[in-house]
Structure formats: C-alpha cells, structure tokens
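Report on one structure; see the data block that follows.
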Amino acid sequence: MVILTGDTHGRFDRIEDFCAEYDTTTEDIMIILGDAGINYWLDERDEELKARLSQLPITLFCIHGNHEERPEEVPGYDLTEWQGGQVWAQPEYPNLLFAEDGEIYDFNGRKAIAIGGAYSVDKFYRIAAGAPWFPTEQPDGHIKQRVEHTLERMDWRVDYVLSHTVPLSAMPRHAFLPALDQSMVDNSTEKWLEKLQQKLTYERWFAGHFHVTWGLDRIQILFEDYEFLEC
C-alpha cells in the first residue's frame with residue numbers, strides 16, 4: 001500500500017493505530033505531506049521519537065514542512081537511493097525517509113515529484129517564545145531551480161505532486177486564522193507553485209499544511225485523514 005496523510009507534528013498515535021488496523025509491514029509506505037515533526041527539537045527528544053518510530057511496521061516517507069529542520073542540516077543523514085530517487089536517511093532508522101525536493105519517485109510506475117516547504121504563520125510567536133524556527137523552511141532559489149530543471153527534464157509531466165503547501169489559487173482561505181493579518185504572511189512559495197501548476201500536466205496534487213481536509217479540482221489537502229494512492 002501507498003498511503004498519504006497530513007501533518008503529524010511529532011504525534012504518531014494515530015499512525016500506530018492505522019498500522020494495527022491495516023496490519024501493515026515496512027513494505028507499505030505512508031507519505032506524510034510535511035510537518036512530520038521528527039527533526040524538530042534537534043536533541044534527545046527527536047532521537048527518542050525516532051527510536052519509537054523505527055519499531056513501526058511501515059515505511060514513513062516525509063515531505064519537508066515548515067515545522068522541522070531539513071534533514072541535510074541535521075548530523076547523521078546521508079542521501080540514498082529509494083523508489084528511483086534520492087532520499088535522506090539515517091542507517092539507524094531505515095524506515096524513516098525524507099524527500100529531497102525536486103526528486104522524482106516511482107510508485108509502481110507512477111511518477112511523483114516532491115516539493116516541500118512553506119511559510120510559518122507562527123514564526124514570530126515561536127521566535128519570541130524560544131521555540132524552534134528554521135530559516136530553511138521555504139524553498140530557496142537553489143531548490144526552486146532544481147525543481148524546475150527536474151520538471152523540464154520530465155517535459156512538465158508527472159502523475160503526482162507531493163508538496164506541503166499548495167498553489168496560491170488553491171489555498172483554503174476559509175481555514176485561515178481569523179485573527180491573523182494576512183498582509184503579513186509570506187506567500188512567495190504559493191505564488192511560485194502557482195506558476196509551476198500553470199505549466200504542469202499532472203493527475204493529482206497532494207498537500208498538507210493547513211490542518212483541514214479540503215479539495216479543489218485535482219488538488220487535495222489532507223490533515224488527519226488518509227488517502228490510498230492508486231498505483
């Protein structure tokens with residue numbers, strides 16, 4: 001099985017329940033669409049979580065979100081081949097894999113591109129409170145160039161897009177925080193994704209980030225629910 005779900009933010013009780021209900025194995029893949037929260041504290045708390053998750057009978061494939069550090073910035077990660085692309089992994093935790101933005105992954109003949117990252121609307125709150133915030137949360141120019149080069153190589157055709165946020169036109173505005181001044185929100189990643197979408201031929205686009213379940217045309221936002229990928 002290849003299953004998609006939304007943000008977990010370091011809380012995996014529901015994933016454990018899913019594994020028990022569906023009798024999964026590490027041959028099954030669960031795609032977390034950003035904010036897995038596995039590389040959040042960057043201390044022993046993360047290591048304790050990884051040790052717990054390494055016992056799960058499933059392979060977790062995590063898109064980069066905005067509430068976690070990029071694995072390439074965390075000691076112990078190396079790139080390795082998986083499903084036709086490269087992923088970041090630690091040898092101690094072989095079932096915990098992290099996407100490299102711009103890579104193409106093959107799920108039983110269906111091609112999926114990973115495009116992680118987003119802006120944190122709670123950025124200044126986290127900084128003021130001394131909570132982790134990561135300057136690498138959004139894709140920089142180098143990552144954007146890599147993604148665009150990959151799509152050019154694919155003739156701007158993929159089966160699936162796996163991202164954290166969505167193109168600007170697909171943002172679920174009904175789910176925005178009412179007390180938040182939207183003029184202060186950096187939508188540069190969403191605007192860039194909008195430009196990509198206008199050129200891209202794709203079947204489905206999956207994202208998390210907004211803590212709602214909502215769909216618009218071929219774009220599906222997931223939170224604490226699941227969708228089985230047709231492979």
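The values are calculated or read from the model by the stated rules, or taken from the named source; none is laboratory data. Since we're looking at a predicted model, the values are computed, not measured. Glycine gets a Cβ as well: all are built from the backbone with ideal geometry, and neighbour counts include every protein chain shown. For the accessible areas, the whole protein counts, side chains as well, though only heavy atoms, and no ligand, DNA or RNA atoms are used. Shrake-Rupley method; radii C 1.70, N 1.55, O 1.52, S 1.80 Å.
Taking 0.36 nm per residue of separation and subtracting the Cα-Cα distance, what length does fully extending Lys195 through Tyr22 add?
Details: separation 173, 0.36 × 173 = 62.28 nm, distance 3.85 nm.
Residue separation times 0.36 nm, minus the Cα-Cα distance, leaves 58.4 nm.
So which residue, out of Ser183, Ser54, Ser163, gets the largest mean-square fluctuation from a GNM of the chain using Cα contacts under 10 Å as springs? Looking only at Ser183, Ser54, Ser163, the largest GNM fluctuation is found for Ser183. Distances between placed amide hydrogens fall under 5 Å for Gly215 paired with Ile221, all partners being 5 or more residues away or on another chain.
Under a 1.4 Å probe, what is the accessible area of the stretch 146-223 per residue, stated in Å²?
On the way: 3940 Å² over 78 residues.
That works out to 50 Å² for each residue.
For Lys191, the aspartates and glutamates whose Cα comes closer than 15 Å to its Cα, not counting residues fewer than 8 places off in the same chain, are Asp140, Glu148. Excluding same-chain neighbours fewer than eight residues apart, the lysines reachable from Lys111 by a Cα-Cα span under 21 Å are Lys144, Lys195, Lys199. Whole Å is fine, so just give me how far the alpha carbon centre of the stretch 6-47 lies from that of the stretch 203-224. Value for the Cα centre distance between the two parts: 18 Å. Note on the chain: antiparallel DSSP beta bridges, both residues inside, total approximately 45 percent of the bridges counted. Amide H contacts under 5 Å for Cys62: Ile32, Leu97, Phe98, Ala99, restricted to partners 5 or more places along the chain or on a different chain, H placed in the peptide plane at 1.01 Å from N. Over all directions, the projected convex hull of the C-alpha atoms in the chain averages 12.2 nm² in area. Here, the stretch 40-133 yields an orientationally averaged convex hull projection of 6.8 nm² when only Cα atoms define the hull.
Would you mind pulling out the separation of the Cα centroids of the stretch 137-167 and the stretch 73-109, in Å? So the two Cα centres are separated by 16 Å.
When Lys and Arg each count +1 and Asp and Glu each count -1, what net charge do the other residues less than 11 Å away from Gly65, Cβ to Cβ, add up to?
Values: positive: Arg70; negative: Asp7, Asp35, Glu68, Glu69, Glu137.
In short, -4.
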